[in-house]
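The values are calculated or read from the model by the stated rules, or taken from the named source; none is laboratory data. Please read these numbers as outputs of a predicted model, since none were measured by experiment. Here the Cβ is made from the backbone with ideal geometry for all residues, glycine too, and neighbour counts use every protein chain on show. Side chains included, ligands, DNA and RNA excluded: accessible areas come from the protein's heavy atoms. Shrake-Rupley method; radii C 1.70, N 1.55, O 1.52, S 1.80 Å.
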Amino acid sequence: MEHKGFTDIRTVEKGRAREGFGLGVLDAARANKNVMALCADLTESIMLAKLREELPKQFVEVGVAEQNMMGIAAGLALSGKIPFVASYAVFNPGRNWDQLRVSVCYSNANVKVVGAHAGISVGPDGATHQALEDIAITRVLPNLLVIAPTDIHETRAAVAALVAHNGPCYIRFGRDVVPTLTKPDMPFEIGKAYALRHGSHCTVVANGPLVAEALLAAEELAGEGIELEVIASPSIKPLDSHTILASAKKTGCVVVAEEAQIIGGLGSAVAELIGEAAPMPVIRVGIHDSFGESGTPDELMDRYGLRSRHIIAAARKALSLNR
Amino acid sequence: MLHETIIREKAQAIRASIVTMLAAAGSGHSAGPLGMADVFATLYFGEVLRHKAEEPEWEDRDKLVLSCGHICPVLYATLAEAGYFPKEELLTLRKLDSRLQGHPHNLALPGIETSSGPLSQGISQAIGMALANRLDERRSHVYAILSDGEHNEGQIWEGVMFAGNAGLSNLTVIIDRNNIQIDGPTEQIMPLEPLADKYRAFNWHVREVDGHNVRAIWDACMEARAITDGPTVIIAHTIPGKGVDFMEYDYRWHGKPPTAEQAAVALTQIMSEEV
Ligand SMILES: Cc1ncc(C[n+]2csc(CCOP(=O)(O)OP(=O)(O)O)c2C)c(N)n1
Ligand SMILES: [Mg+2]
């Protein structure tokens, strides 16, 4: 079993993916002076304060100006730098999508776009600040990788992998704490999905905070003799079609769970894959075509259908369709 | 007629509400809202803004667009004070099912003209409203409240250029010039000065006022209404966190609420100020 390290999902430690980002980008900037970080007036909440202090030449404060920031990053990248452009995901890539599309992706500029505070779990700030569409609008861009890591360690490792990859990338993560499911110092492989639990009845593909929810769902259903195979898929593009298809062919039905709109997200990517290669039921768990609202992260995850019980309901539906 | 004392009392009540609601919410922005209480009190209680709390959709109302949506506690407190909804509801700020969303939403609460939060979108919408008023020959005026930090955004200057060119005299921008943004003092992060000259270069009328002097704010608003050949910007020099000594001038209070203990101290300070 490919086990990334955790023992018990209920008692496992929690951490912030954005801290993993801060650590990862600092590692990278220390090791390579061409690595840079650009920020739009959100330095502390995106965990770039240490880098700003320690490596001021590799840090650029652009003010509240996300479009300009993306363009500057493209120029830096076209001049040999490896810039990380960081803001909240609603603004970056929300506000500066055209600059991302042309200045970065079309020119194939080596820019790493960082969407922080993604998902509904950003909480009380409300709908305006809850990035639910970022996956959909980045997945459609040619040349762009799209990564949504599971936890603090995986985010840190993913940053290293993005630096090693020569080309545009988008990485997104949330604000809140999530269970730490992976081990420190595990290398991140772009384009790889991995099983955290094996099962023969239904495949659950998940990323971000929904990986932990999928594991909880699997534990609960195991009590009824239903075995879920839980696959973490932090790499949305490229998608690990080999691993996902192999599991789906074994179980015969699929659930996909993510903290994003079900339209255009990981669920869509998996449904497209399955529909073209091995048609079978695919049920998507995520935000169902609505805006969010203010509330605590927990209240919103409950209300918007992002809990283990929603994955369980989806698995039952997938199983019944498969019968 | 300007009843300065009444407005100052309202500003005091608004500040008290801001502190109370933020402490109850446990998250949200303190510095900007406290700094803008005098401006909001003047607009809503100095008969600057023509509005009817009992008829929020009144066709001929003046409109206020809060471009810097994060300072909505001052707008919510003002609307409650004006009777748009019960003051108790302020305690639901940022909570599940509240009409008082973390950033303003027009479909959630009466008195909110549009949704905002992502900085700089308000100015363009205010321009659209002012244009519609002109096309429809309505005499209503549009007020757009902008923060200084959001002037980093290109959209602000696209709007400033458009409104200056269009000669939109039925539009008044009021800038919360509190000299702070999230990462620090504005003049260190992305200097805006000379801000007045920038607006003048785009054919705007410019007034600079002490944002805590009710008389000066009121005079500037009246002057702006009398002008017929272009938009006016009122640069309101404010103190972020005004009225609470441990918040004043400190950019670190941009985006956090007071704890219960801090709120108690803040309320004492606010209520003991002479009006
Ligand atoms: C487009 C956009 N980018 C970033 C943010 C996050 N943000 C909220 S307020 C703010 C800037 C703060 O400066 P100012 O508006 O002057 O706020 P003040 O502290 O004076 O209230 C930023 C960057 C945002 N709301 N919108
Ligand atoms: Mg400011």
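Hey, can you tell me all the residues within the range B:79-98 that are more than 10 Å from chain A (Cβ to nearest Cβ) and of a type outside the set (A, V, I, L, M, F, W, C)? Lay out the reasoning, then the answer.
Looking only at the range B:79-98, we keep the residues that are more than 10 Å from chain A (Cβ to nearest Cβ), and these are B:79-91.
Correct list: B:Glu81, B:Gly83, B:Tyr84, B:Pro86, B:Lys87, B:Glu88, B:Glu89.
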Can you tell me which residue within the range B:156-199, out of those that are away from ligand 2 (no atom under 16 Å from the Cβ) and closer than 16 Å to B:Leu119 by Cβ, is surrounded by the most Cβ atoms within 10 Å (Cβ to Cβ)? B:Gly159
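Which residues, taken from the range A:53-70, are within 14 Å of chain B (Cβ to nearest Cβ) and touching a residue at least 12 places away in the same chain (Cβ under 8 Å)?
Residues of the range A:53-70 within 14 Å of chain B (Cβ to nearest Cβ): A:53, A:56, A:59-70.
Across the range A:53-70, the qualifying residues are A:Phe59, A:Val60, A:Glu61, A:Val62, A:Gly63, A:Val64, A:Ala65, A:Glu66, A:Gln67, A:Met69, A:Met70.
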Report whether or not B:Leu79 is away from ligand 1 (no atom under 16 Å from the Cβ) and assigned to a loop (DSSP other than H, G, I, E, B). no
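Confirm whether B:Gly149 is modelled with pLDDT of 95 or more, within 11 Å of ligand 2 (Cβ to nearest atom) and within 14 Å of chain A (Cβ to nearest Cβ). Walk me through how you get there before you give the answer.
Numbers: modelled with pLDDT of 95 or more: yes; within 11 Å of ligand 2 (Cβ to nearest atom): yes; within 14 Å of chain A (Cβ to nearest Cβ): yes.
Considered against the rule, which asks whether it is modelled with pLDDT of 95 or more, within 11 Å of ligand 2 (Cβ to nearest atom) and within 14 Å of chain A (Cβ to nearest Cβ), B:Gly149 comes out as yes.
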Test B:Ser120 against the criterion of being crowded, with 24+ Cβ neighbours inside 10 Å, over 19 Å from A:Gly94 (Cα atoms) and within 12 Å of ligand 1 (Cβ to nearest atom), and give yes or no. no
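From the list B:Leu91, B:Leu66, exactly one residue is more than 13 Å from the chain's Cα centre (by Cα) and within 29 Å of B:Phe246 (Cα to Cα). Which is it? Working first, answer last.
Values: B:Leu66 fails: more than 13 Å from the chain's Cα centre (by Cα).
On inspection, the qualifying residue turns out to be B:Leu91.
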If you check every pair at least six apart or on different chains, which have Cβ atoms under 9 Å apart with a residue in the range B:168-183 that is within 14 Å of chain A (Cβ to nearest Cβ) first and a residue that is surrounded by fewer than 24 Cβ atoms within 10 Å (Cβ to Cβ) and of a type in the set (Gly, Ala, Ser) second? B:Gln181/A:Gly63; B:Ile182/A:Ser45; B:Ile182/B:Gly255; B:Asp183/A:Gly63
Which members of the range B:137-153 meet the condition of being part of a helix (DSSP H, G or I) and away from ligand 1 (no atom under 16 Å from the Cβ)? none
Can you tell me which of (1) within 17 Å of the chain's Cα centre (by Cα); (2) more than 16 Å from ligand 1 (Cβ to nearest atom) is the one B:Arg134 doesn't meet? (1)
Yes or no: B:Met271 outside any strand (DSSP E or B) and either over 21 Å from B:Gln181 (Cβ atoms) or of a type in the set (Val, Ile, Thr) (or both)? yes
Those residues of the range A:122-166 which are assigned to a helix (DSSP H, G or I), polar (S, T, N, Q) and open to solvent by less than 10 Å² (accessible area, probe 1.4 Å), in sequence order: A:Thr138, A:Thr155
Tally time: how many residues in the range B:217-252 are open to solvent by 10 Å² or more (accessible area, probe 1.4 Å) and farther than 25 Å from B:Glu187 by Cα? 9
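Is it the case that some residue within the range B:169-183 is more than 16 Å from ligand 1 (Cβ to nearest atom), farther than 26 Å from B:Ile239 by Cβ, assigned to a loop (DSSP other than H, G, I, E, B) and modelled with pLDDT of 95 or more?
Filtering the range B:169-183 down to residues more than 16 Å from ligand 1 (Cβ to nearest atom) leaves B:169-172.
Filter once more, so that each one left must be farther than 26 Å from B:Ile239 by Cβ: B:169-171.
Add one more test, that the residue is assigned to a loop (DSSP other than H, G, I, E, B), and what stays is B:169-170.
Filter once more, keeping what is modelled with pLDDT of 95 or more: B:169-170.
Scanning the range B:169-183 turns up at least one residue that is more than 16 Å from ligand 1 (Cβ to nearest atom), farther than 26 Å from B:Ile239 by Cβ, assigned to a loop (DSSP other than H, G, I, E, B) and modelled with pLDDT of 95 or more.
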Positions within the range A:71-95 being within 12 Å of another protein chain (Cβ to nearest Cβ) and farther than 20 Å from A:Arg18 by Cα, in sequence order: A:Gly71, A:Arg95
Within the group B:Ala25, B:Ala53, B:Ala77, which residue is surrounded by fewer than 21 Cβ atoms within 10 Å (Cβ to Cβ), under 20 Å from B:Leu93 (Cβ atoms) and aliphatic (A, V, I, L, M)? B:Ala53
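Residues are listed down the side, and each one gets a yes or a no for (1) within 16 Å of ligand 2 (Cβ to nearest atom); (2) open to solvent by 40 Å² or more (accessible area, probe 1.4 Å); (3) under 19 Å from A:Asn32 (Cβ atoms):
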| site | (1), (2), (3) |
| --- | --- |
| A:Glu53 | no, yes, yes |
| A:Val90 | no, no, no |
| A:Val102 | no, yes, no |
| A:Cys105 | no, no, no |
Output the residues belonging to the range A:18-51 that are in contact (Cβ under 8 Å) with a residue 60 or more places away in the chain and open to solvent by less than 10 Å² (accessible area, probe 1.4 Å). A:Gly20, A:Phe21, A:Gly24, A:Val25, A:Val35, A:Ile46
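Is the range B:108-127 home to any residue that is assigned to a helix (DSSP H, G or I), at the interface with chain A (Cβ under 10 Å from one of its Cβ atoms) and under 16 Å from the mean Cα position of the chain (by Cα)?
The initial filter retains those residues of the range B:108-127 that are assigned to a helix (DSSP H, G or I), namely B:121-127.
Still in the list and also at the interface with chain A (Cβ under 10 Å from one of its Cβ atoms): B:121.
Adding the requirement that they be under 16 Å from the mean Cα position of the chain (by Cα) leaves B:121.
Yes, some residue in the range B:108-127 is assigned to a helix (DSSP H, G or I), at the interface with chain A (Cβ under 10 Å from one of its Cβ atoms) and under 16 Å from the mean Cα position of the chain (by Cα).
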Given the criterion within 15 Å of B:Ile123 (Cα to Cα), more than 16 Å from ligand 1 (Cβ to nearest atom) and small (Gly, Ala, Ser), identify the matching residue among B:Ala224, B:Ala220, B:Ala196, B:Ala166. B:Ala166
